[in-house]
Amino acid sequence: MIIIQKFGGTSIGSKKRIKFLKNIIKKYKKLKIYTVMILSAMSGETTKMIRLAKYFSFKNLKELDCLLCIGEQMSVSLFSILLNSIKIKSKSLTSIQIGLITNKEYNNARIINIKNYFIIKKNLLKGKIPILAGFQGITKSGNFTTLGRGGSDTTAISIAVCLKAKECQIYTDVDSIFFSDPRICKNFKIEFVPFENILELSSSGSKVLYVRSIEIAIKYNVNIRILSSFLKNKGTLISNKKKFSNSMERIMISGITHSNNEAKITVKNLPNTAGVASKILGPIICNNICVDMVIQNSIINAKNTNFTFLVENKFCKKTKYLINKYIIPKLGGIVEYELNITKISVVGIGLRTHNNIIDKILYCMSKLKINIILISTSETKISVVIKDKDTIKTIKELYLMFNKNFMFRRNGRVA
(Lines give C-alpha, C1' and ligand atoms only; values in the text may rest on other atoms or scores of the structure.)
Protein backbone atom coordinates (compact mmCIF):
# COMPACT_ATOMS: atom_id res chain seq x y z
CA MET A 1 0.00 0.00 0.00
CA ILE A 2 1.33 3.43 -1.00
CA ILE A 3 0.39 6.77 0.59
CA ILE A 4 1.44 10.16 -0.75
CA GLN A 5 2.18 12.84 1.85
CA LYS A 6 2.44 16.49 0.85
CA PHE A 7 3.80 19.05 3.31
CA GLY A 8 3.26 22.74 2.64
CA GLY A 9 5.47 25.72 3.41
CA THR A 10 4.14 26.26 6.94
CA SER A 11 4.78 22.59 7.81
CA ILE A 12 8.47 23.00 6.98
CA GLY A 13 8.72 26.69 7.83
CA SER A 14 11.51 26.27 10.38
CA LYS A 15 14.14 23.78 11.55
CA LYS A 16 11.95 22.93 14.55
CA ARG A 17 8.93 22.12 12.39
CA ILE A 18 11.00 20.02 10.00
CA LYS A 19 12.16 17.91 12.93
CA PHE A 20 8.53 17.51 14.08
CA LEU A 21 7.62 15.85 10.77
CA LYS A 22 9.97 12.94 11.43
CA ASN A 23 7.41 11.60 13.97
CA ILE A 24 4.82 11.32 11.21
CA ILE A 25 7.33 9.47 9.01
CA LYS A 26 8.27 7.07 11.83
CA LYS A 27 4.60 6.23 12.41
CA TYR A 28 4.05 5.04 8.84
CA LYS A 29 7.43 3.30 8.80
CA LYS A 30 6.34 1.17 11.78
CA LEU A 31 3.05 0.32 10.04
CA LYS A 32 5.10 -0.88 7.02
CA ILE A 33 3.24 1.47 4.68
CA TYR A 34 5.14 2.81 1.68
CA THR A 35 5.20 6.62 1.81
CA VAL A 36 6.22 9.15 -0.80
CA MET A 37 6.75 12.73 0.34
CA ILE A 38 6.13 15.90 -1.66
CA LEU A 39 7.56 19.12 -0.21
CA SER A 40 6.95 22.80 -0.90
CA ALA A 41 9.55 25.48 -0.32
CA MET A 42 10.04 26.57 3.28
CA SER A 43 7.60 29.29 4.34
CA GLY A 44 8.63 32.69 2.97
CA GLU A 45 11.34 31.42 0.61
CA THR A 46 9.34 31.79 -2.61
CA THR A 47 8.20 35.31 -1.66
CA LYS A 48 11.80 36.25 -0.89
CA MET A 49 12.97 35.08 -4.32
CA ILE A 50 10.13 36.88 -6.13
CA ARG A 51 11.09 40.13 -4.36
CA LEU A 52 14.69 39.64 -5.38
CA ALA A 53 13.65 39.02 -9.01
CA LYS A 54 11.45 42.14 -8.98
CA TYR A 55 14.41 44.22 -7.88
CA PHE A 56 16.20 43.43 -11.14
CA SER A 57 13.44 42.53 -13.60
CA PHE A 58 10.17 40.59 -13.44
CA LYS A 59 9.48 40.16 -17.16
CA ASN A 60 11.44 37.00 -18.01
CA LEU A 61 9.16 34.23 -16.65
CA LYS A 62 11.44 31.45 -17.93
CA GLU A 63 14.34 32.66 -15.78
CA LEU A 64 11.99 33.39 -12.87
CA ASP A 65 10.82 29.76 -12.87
CA CYS A 66 14.42 28.57 -12.85
CA LEU A 67 14.97 30.71 -9.74
CA LEU A 68 11.77 29.64 -7.95
CA CYS A 69 12.57 25.93 -8.29
CA ILE A 70 15.47 26.41 -5.87
CA GLY A 71 13.11 26.64 -2.86
CA GLU A 72 11.67 23.14 -3.26
CA GLN A 73 15.07 21.62 -4.03
CA MET A 74 16.44 23.11 -0.83
CA SER A 75 13.50 21.64 1.16
CA VAL A 76 13.86 18.08 -0.16
CA SER A 77 17.64 18.06 0.30
CA LEU A 78 17.47 19.29 3.90
CA PHE A 79 14.73 16.84 4.85
CA SER A 80 16.55 13.92 3.25
CA ILE A 81 19.68 14.86 5.20
CA LEU A 82 17.61 14.89 8.41
CA LEU A 83 15.99 11.49 7.81
CA ASN A 84 19.25 9.81 6.86
CA SER A 85 20.86 11.23 10.02
CA ILE A 86 18.27 9.38 12.15
CA LYS A 87 18.73 6.09 10.26
CA ILE A 88 15.67 6.46 8.01
CA LYS A 89 16.77 5.85 4.44
CA SER A 90 15.54 8.49 1.99
CA LYS A 91 16.26 9.89 -1.44
CA SER A 92 15.58 13.45 -2.64
CA LEU A 93 14.28 13.71 -6.21
CA THR A 94 13.72 16.72 -8.46
CA SER A 95 11.38 17.14 -11.42
CA ILE A 96 14.26 16.35 -13.79
CA GLN A 97 14.93 13.00 -12.13
CA ILE A 98 11.29 11.84 -12.21
CA GLY A 99 10.68 13.34 -15.65
CA LEU A 100 7.73 15.55 -14.73
CA ILE A 101 7.09 17.04 -18.18
CA THR A 102 4.99 20.19 -18.58
CA ASN A 103 4.00 22.58 -21.34
CA LYS A 104 5.85 25.89 -21.85
CA GLU A 105 3.43 28.12 -19.96
CA TYR A 106 6.03 29.45 -17.53
CA ASN A 107 4.81 30.40 -14.04
CA ASN A 108 1.57 28.43 -14.57
CA ALA A 109 2.60 25.26 -16.41
CA ARG A 110 0.39 22.19 -16.85
CA ILE A 111 1.61 18.62 -16.49
CA ILE A 112 1.79 16.54 -19.69
CA ASN A 113 3.13 13.32 -18.15
CA ILE A 114 5.53 11.87 -15.56
CA LYS A 115 7.69 9.58 -17.65
CA ASN A 116 10.20 8.35 -15.02
CA TYR A 117 7.88 7.63 -12.09
CA PHE A 118 9.34 4.08 -11.96
CA ILE A 119 12.36 5.67 -10.22
CA ILE A 120 10.08 6.42 -7.26
CA LYS A 121 9.01 2.76 -7.13
CA LYS A 122 12.63 1.59 -7.29
CA ASN A 123 13.51 3.66 -4.22
CA LEU A 124 10.46 2.33 -2.35
CA LEU A 125 11.52 -1.27 -3.07
CA LYS A 126 15.01 -0.44 -1.74
CA GLY A 127 13.42 0.65 1.55
CA LYS A 128 14.01 4.35 0.91
CA ILE A 129 11.48 7.16 1.31
CA PRO A 130 11.37 9.20 -1.91
CA ILE A 131 11.20 12.93 -1.15
CA LEU A 132 10.01 14.84 -4.20
CA ALA A 133 10.19 18.54 -5.00
CA GLY A 134 6.66 19.85 -5.52
CA PHE A 135 5.56 22.82 -7.62
CA GLN A 136 8.16 22.31 -10.35
CA GLY A 137 8.43 20.61 -13.73
CA ILE A 138 10.50 20.70 -16.90
CA THR A 139 9.65 21.25 -20.55
CA LYS A 140 10.54 18.67 -23.22
CA SER A 141 13.57 20.81 -24.02
CA GLY A 142 14.74 20.71 -20.38
CA ASN A 143 13.78 24.17 -19.05
CA PHE A 144 12.43 24.48 -15.50
CA THR A 145 8.77 25.45 -15.08
CA THR A 146 6.51 26.06 -12.08
CA LEU A 147 2.90 24.89 -11.75
CA GLY A 148 1.30 28.04 -10.37
CA ARG A 149 -0.88 28.40 -7.26
CA GLY A 150 -1.21 25.16 -5.31
CA GLY A 151 1.48 23.61 -7.51
CA SER A 152 2.73 21.20 -4.84
CA ASP A 153 -0.82 19.86 -4.35
CA THR A 154 -0.98 19.29 -8.11
CA THR A 155 2.35 17.44 -7.99
CA ALA A 156 1.23 15.26 -5.09
CA ILE A 157 -2.06 14.20 -6.65
CA SER A 158 -0.40 13.56 -10.02
CA ILE A 159 2.15 11.28 -8.33
CA ALA A 160 -0.72 9.51 -6.51
CA VAL A 161 -2.28 8.81 -9.92
CA CYS A 162 0.95 7.32 -11.34
CA LEU A 163 1.62 5.13 -8.29
CA LYS A 164 -2.07 4.19 -7.77
CA ALA A 165 -1.78 5.33 -4.16
CA LYS A 166 -4.52 4.51 -1.67
CA GLU A 167 -4.63 8.11 -0.44
CA CYS A 168 -3.01 11.49 -0.96
CA GLN A 169 -2.54 13.24 2.39
CA ILE A 170 -2.24 17.03 2.32
CA TYR A 171 -0.66 18.32 5.56
CA THR A 172 -1.36 21.97 6.40
CA ASP A 173 -1.51 24.31 9.39
CA VAL A 174 -5.24 23.54 9.89
CA ASP A 175 -6.51 20.17 11.11
CA SER A 176 -9.48 19.81 8.74
CA ILE A 177 -11.85 21.64 6.42
CA PHE A 178 -14.27 23.82 8.38
CA PHE A 179 -17.91 24.59 7.59
CA SER A 180 -17.03 28.28 7.36
CA ASP A 181 -13.92 30.42 7.82
CA PRO A 182 -12.60 29.59 11.34
CA ARG A 183 -11.11 33.09 11.56
CA ILE A 184 -14.64 34.53 11.46
CA CYS A 185 -16.58 32.12 13.68
CA LYS A 186 -15.84 29.01 15.71
CA ASN A 187 -17.55 26.24 13.80
CA PHE A 188 -17.82 22.64 12.65
CA LYS A 189 -15.01 20.52 11.32
CA ILE A 190 -16.15 18.61 8.25
CA GLU A 191 -15.10 14.96 8.34
CA PHE A 192 -16.18 14.13 4.78
CA VAL A 193 -16.65 16.19 1.60
CA PRO A 194 -17.67 14.67 -1.77
CA PHE A 195 -15.62 15.59 -4.84
CA GLU A 196 -18.29 17.77 -6.45
CA ASN A 197 -18.57 19.93 -3.33
CA ILE A 198 -14.84 20.46 -2.74
CA LEU A 199 -14.55 21.67 -6.33
CA GLU A 200 -17.22 24.30 -5.65
CA LEU A 201 -15.70 25.23 -2.27
CA SER A 202 -12.26 25.76 -3.80
CA SER A 203 -13.50 27.72 -6.81
CA SER A 204 -15.59 29.92 -4.49
CA GLY A 205 -12.78 31.03 -2.21
CA SER A 206 -11.70 28.18 0.09
CA LYS A 207 -7.89 28.03 0.10
CA VAL A 208 -7.39 24.52 1.52
CA LEU A 209 -7.00 23.02 -1.97
CA TYR A 210 -6.71 24.58 -5.39
CA VAL A 211 -9.04 23.77 -8.26
CA ARG A 212 -6.45 22.26 -10.63
CA SER A 213 -5.35 19.61 -8.14
CA ILE A 214 -8.98 18.68 -7.36
CA GLU A 215 -9.76 18.31 -11.07
CA ILE A 216 -6.98 15.70 -11.37
CA ALA A 217 -8.25 13.88 -8.26
CA ILE A 218 -11.79 13.73 -9.67
CA LYS A 219 -10.60 12.61 -13.11
CA TYR A 220 -8.53 9.72 -11.72
CA ASN A 221 -10.52 9.04 -8.52
CA VAL A 222 -7.76 9.84 -6.00
CA ASN A 223 -8.84 9.98 -2.34
CA ILE A 224 -7.53 13.09 -0.57
CA ARG A 225 -7.22 13.65 3.18
CA ILE A 226 -6.58 17.07 4.76
CA LEU A 227 -4.51 16.75 7.94
CA SER A 228 -2.60 18.94 10.38
CA SER A 229 1.19 18.74 10.53
CA PHE A 230 1.05 19.53 14.26
CA LEU A 231 -2.05 17.74 15.64
CA LYS A 232 -3.20 14.10 15.70
CA ASN A 233 -6.64 13.78 14.14
CA LYS A 234 -8.59 12.08 11.34
CA GLY A 235 -8.78 15.26 9.30
CA THR A 236 -11.19 15.61 6.37
CA LEU A 237 -11.62 12.91 3.72
CA ILE A 238 -12.38 14.08 0.17
CA SER A 239 -13.67 11.25 -1.98
CA ASN A 240 -16.39 10.04 -4.34
CA LYS A 241 -17.53 7.54 -1.69
CA LYS A 242 -21.12 8.05 -0.57
CA LYS A 243 -22.02 8.77 3.04
CA PHE A 244 -25.59 7.89 3.98
CA SER A 245 -27.84 9.37 6.64
CA ASN A 246 -31.21 8.40 8.11
CA SER A 247 -32.98 10.49 5.48
CA MET A 248 -32.05 9.45 1.92
CA GLU A 249 -33.00 12.86 0.45
CA ARG A 250 -31.67 14.98 3.28
CA ILE A 251 -29.91 18.13 2.07
CA MET A 252 -26.15 17.99 2.45
CA ILE A 253 -24.48 21.37 2.89
CA SER A 254 -20.70 21.15 2.88
CA GLY A 255 -19.79 24.70 3.75
CA ILE A 256 -19.98 28.46 3.49
CA THR A 257 -17.04 30.02 1.69
CA HIS A 258 -16.18 33.51 0.48
CA SER A 259 -13.86 35.30 -1.91
CA ASN A 260 -13.10 38.98 -1.35
CA ASN A 261 -10.75 39.45 -4.28
CA GLU A 262 -13.52 39.98 -6.83
CA ALA A 263 -14.21 42.86 -9.22
CA LYS A 264 -17.53 43.41 -11.01
CA ILE A 265 -17.25 44.51 -14.64
CA THR A 266 -20.31 45.88 -16.50
CA VAL A 267 -20.42 46.86 -20.16
CA LYS A 268 -23.52 49.04 -20.70
CA ASN A 269 -25.64 49.94 -23.74
CA LEU A 270 -24.46 47.19 -26.06
CA PRO A 271 -26.52 46.15 -29.11
CA ASN A 272 -28.95 43.38 -28.14
CA THR A 273 -27.92 40.97 -30.91
CA ALA A 274 -26.67 37.41 -31.14
CA GLY A 275 -22.95 36.91 -30.51
CA VAL A 276 -22.42 39.84 -28.14
CA ALA A 277 -21.34 37.58 -25.26
CA SER A 278 -18.75 35.85 -27.45
CA LYS A 279 -17.34 39.15 -28.71
CA ILE A 280 -16.95 40.47 -25.14
CA LEU A 281 -15.60 37.37 -23.41
CA GLY A 282 -13.47 36.08 -26.30
CA PRO A 283 -10.50 38.47 -25.89
CA ILE A 284 -10.71 38.18 -22.08
CA ILE A 285 -10.67 34.37 -21.99
CA CYS A 286 -7.89 34.27 -24.63
CA ASN A 287 -5.75 36.23 -22.14
CA ASN A 288 -6.21 33.49 -19.48
CA ILE A 289 -8.58 35.58 -17.35
CA CYS A 290 -11.28 33.51 -15.65
CA VAL A 291 -14.78 35.01 -15.56
CA ASP A 292 -17.61 34.17 -13.19
CA MET A 293 -21.33 34.91 -12.69
CA VAL A 294 -21.98 36.11 -16.24
CA ILE A 295 -25.30 38.00 -16.56
CA GLN A 296 -26.81 39.64 -19.65
CA ASN A 297 -29.84 41.93 -19.20
CA SER A 298 -31.92 43.51 -21.94
CA ILE A 299 -33.02 47.10 -21.40
CA ILE A 300 -36.76 47.86 -21.69
CA ASN A 301 -36.70 48.91 -25.35
CA ALA A 302 -34.97 45.57 -26.19
CA LYS A 303 -32.51 47.32 -28.55
CA ASN A 304 -29.73 47.45 -25.98
CA THR A 305 -28.31 45.15 -23.34
CA ASN A 306 -26.04 45.32 -20.30
CA PHE A 307 -23.40 42.65 -19.77
CA THR A 308 -22.02 41.93 -16.27
CA PHE A 309 -19.43 39.44 -14.96
CA LEU A 310 -16.84 38.96 -12.23
CA VAL A 311 -13.05 38.69 -12.49
CA GLU A 312 -10.33 38.56 -9.85
CA ASN A 313 -9.23 42.00 -8.62
CA LYS A 314 -5.75 41.56 -10.06
CA PHE A 315 -7.24 41.18 -13.56
CA CYS A 316 -9.58 44.19 -13.36
CA LYS A 317 -7.19 46.66 -14.98
CA LYS A 318 -6.27 44.28 -17.80
CA THR A 319 -9.92 43.38 -18.42
CA LYS A 320 -10.88 47.07 -18.76
CA TYR A 321 -7.98 47.56 -21.17
CA LEU A 322 -9.10 44.62 -23.34
CA ILE A 323 -12.71 45.84 -23.43
CA ASN A 324 -11.69 49.39 -24.36
CA LYS A 325 -9.34 48.10 -27.05
CA TYR A 326 -11.37 45.31 -28.65
CA ILE A 327 -15.04 45.77 -27.67
CA ILE A 328 -15.96 49.45 -27.38
CA PRO A 329 -14.63 50.46 -30.85
CA LYS A 330 -16.71 47.69 -32.50
CA LEU A 331 -19.88 47.53 -30.40
CA GLY A 332 -19.98 50.87 -28.61
CA GLY A 333 -21.14 51.06 -25.01
CA ILE A 334 -19.32 52.09 -21.85
CA VAL A 335 -17.44 49.98 -19.32
CA GLU A 336 -17.87 50.35 -15.55
CA TYR A 337 -16.29 48.45 -12.71
CA GLU A 338 -16.78 47.98 -8.98
CA LEU A 339 -14.16 46.85 -6.46
CA ASN A 340 -14.40 46.04 -2.75
CA ILE A 341 -17.02 43.33 -3.21
CA THR A 342 -17.23 39.77 -1.83
CA LYS A 343 -18.79 36.64 -3.23
CA ILE A 344 -20.28 34.40 -0.50
CA SER A 345 -21.28 30.87 -1.50
CA VAL A 346 -23.31 28.18 0.25
CA VAL A 347 -22.09 24.86 -1.17
CA GLY A 348 -23.88 21.51 -1.04
CA ILE A 349 -25.87 18.98 -3.06
CA GLY A 350 -29.38 19.47 -4.44
CA LEU A 351 -29.60 23.13 -3.38
CA ARG A 352 -31.61 24.44 -6.33
CA THR A 353 -34.39 21.89 -5.85
CA HIS A 354 -34.77 22.73 -2.15
CA ASN A 355 -36.36 26.18 -2.22
CA ASN A 356 -36.12 26.66 1.53
CA ILE A 357 -32.31 27.05 1.23
CA ILE A 358 -32.39 30.09 -1.05
CA ASP A 359 -35.34 31.43 0.95
CA LYS A 360 -33.27 31.30 4.15
CA ILE A 361 -30.32 33.01 2.44
CA LEU A 362 -32.52 35.82 1.13
CA TYR A 363 -34.19 36.16 4.55
CA CYS A 364 -30.72 36.47 6.12
CA MET A 365 -29.81 39.29 3.71
CA SER A 366 -33.12 41.04 4.42
CA LYS A 367 -32.74 40.69 8.18
CA LEU A 368 -29.25 42.26 8.04
CA LYS A 369 -30.47 44.95 5.59
CA ILE A 370 -27.75 44.00 3.12
CA ASN A 371 -28.19 44.77 -0.57
CA ILE A 372 -27.44 41.88 -2.94
CA ILE A 373 -25.44 43.03 -5.98
CA LEU A 374 -25.61 39.70 -7.87
CA ILE A 375 -27.01 36.23 -7.16
CA SER A 376 -26.63 32.88 -8.93
CA THR A 377 -27.89 29.35 -8.20
CA SER A 378 -27.03 25.81 -9.25
CA GLU A 379 -27.49 22.27 -7.93
CA THR A 380 -24.31 22.54 -5.85
CA LYS A 381 -23.90 26.25 -5.07
CA ILE A 382 -25.83 29.42 -4.25
CA SER A 383 -23.70 32.57 -4.48
CA VAL A 384 -24.44 36.17 -3.53
CA VAL A 385 -22.24 39.19 -4.20
CA ILE A 386 -22.25 41.91 -1.54
CA LYS A 387 -20.10 44.81 -0.33
CA ASP A 388 -16.87 43.87 1.47
CA LYS A 389 -17.95 45.69 4.63
CA ASP A 390 -20.88 43.29 5.09
CA THR A 391 -18.88 40.05 4.73
CA ILE A 392 -18.22 39.09 8.36
CA LYS A 393 -21.72 39.71 9.70
CA THR A 394 -23.26 37.85 6.73
CA ILE A 395 -21.11 34.74 7.22
CA LYS A 396 -21.81 34.72 10.96
CA GLU A 397 -25.56 35.02 10.40
CA LEU A 398 -25.62 32.30 7.72
CA TYR A 399 -23.60 30.00 9.95
CA LEU A 400 -25.94 30.50 12.89
CA MET A 401 -29.00 30.00 10.73
CA PHE A 402 -27.87 26.69 9.22
CA ASN A 403 -26.43 25.51 12.54
CA LYS A 404 -29.81 26.12 14.18
CA ASN A 405 -31.50 23.92 11.60
CA PHE A 406 -29.00 21.03 11.99
CA MET A 407 -28.66 20.80 8.23
CA PHE A 408 -25.07 19.61 8.19
CA ARG A 409 -24.46 17.86 11.52
CA ARG A 410 -24.13 14.47 9.88
CA ASN A 411 -20.96 15.72 8.13
CA GLY A 412 -19.08 17.01 11.13
CA ARG A 413 -18.83 17.89 14.78
CA VAL A 414 -18.38 21.03 16.80
CA ALA A 415 -14.79 22.22 16.88
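Using a 1.4 Å probe on the protein heavy atoms, what percent of the accessible area of the chain belongs to carbon and sulfur?
Numbers: 11170 of 20630 Å².
With neighbouring chains kept in place, the figure for the chain is 54 percent.
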Inset, instruction - Taking 7 Å along the Cα-to-C-beta vector as the label spot, tell me the residue 215-residue 367 distance in nanometres, rounded to one decimal. - result: 3.8
Inset, instruction - Just grab the label-to-label distance for residue 230 and residue 285, each label 7 Å out from Cα along the Cβ direction, in nm (one decimal). - result: 4.4
Inset, instruction - Please identify the longest segment of the chain free of exposed chymotrypsin sites (Phe, Trp or Tyr not before Pro), where exposed means a DSSP state other than H, G, I, E or B and no more than 13 other Cβ atoms within 10 Å. - result: 59-243
Inset, instruction - Report the net charge of residues surrounding residue 228, where surrounding means a beta-carbon distance below 9 angstrom and charges are Lys +1, Arg +1, Asp -1, Glu -1. - result: -1
Legend entry - Part-to-part distance (alpha-carbon centres) for segment 37-54 and segment 268-323, which is given in Å: 36
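For the chain, which DSSP H helices look membrane-span-like by this rule: Cα extent along the axis of 30 Å or more and mean Kyte-Doolittle of at least -1.0? If you can, show how the numbers build up before the last one.
Numbers: long enough: 61-85 (37 Å, 0.98).
Passing helices, by number: 61-85.
So if R0 is 30 Å, what FRET efficiency would residue 15 and residue 186 give, r being the distance between their Cβ atoms, rounded to the nearest 0.05? Walk me through the numbers on the way to the answer.
Working: r = 32 Å, r/R0 = 1.07.
Calculated value: 0.40.
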Inset, instruction - For segment 2-243, report the accessible area per residue in Å² (1.4 Å probe, heavy atoms, rounded to an integer). - result: 47
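Excluding residue 257 itself, calculate the net charge of residues whose Cβ lies under 12 Å from the Cβ of residue 257, where each Lys or Arg counts +1 and each Asp or Glu counts -1.
Details: positive: 207, 343, 381; negative: 181, 200.
Combined, the nearby Lys, Arg, Asp and Glu give +1.
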Inset, instruction - Write out the GluC sites (Glu not before Pro) in segment 40-137 meeting two conditions: DSSP loop, and at most 16 other Cβ atoms within 10 Å of their Cβ. - result: 105
Legend entry - Listed pairs 22/54; 128/189; 59/325; 317/360 exceeding 25 Å between Cα atoms: 22/54; 128/189; 317/360
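Counting Lys and Arg as +1 and Asp and Glu as -1, what is the net charge of the other residues whose Cβ lies under 13 Å from the Cβ of residue 112? Kindly include the intermediate steps, with their values, before the conclusion.
Values: positive: 104, 110, 115, 140; negative: 105.
For residues surrounding residue 112, the net value is +3.
Please calculate how many Å² of accessible area segment 255-404 carries per residue, with a 1.4 Å probe and no DNA, RNA or ligand atoms counted. Can you show the working numbers first?
Values: 7550 Å² over 150 residues.
Result: 50 Å² per residue.
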Inset, instruction - Just grab the label-to-label distance for residue 353 and residue 277, each label 7 Å out from Cα along the Cβ direction, in nm (one decimal). - result: 2.4
Legend entry - Residues listed by number, segment 166-205, amide nitrogen under 16 Å from residue 313 label point at 7 Å toward C-beta: 205
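The values are calculated or read from the model by the stated rules, or taken from the named source; none is laboratory data. These figures come from a predicted structure and were not determined experimentally. Every residue, glycine as well, gets a Cβ built from its backbone with ideal geometry; the counts of neighbours run over all protein chains shown. For the accessible areas, the whole protein counts, side chains as well, though only heavy atoms, and no ligand, DNA or RNA atoms are used. Shrake-Rupley method; radii C 1.70, N 1.55, O 1.52, S 1.80 Å.
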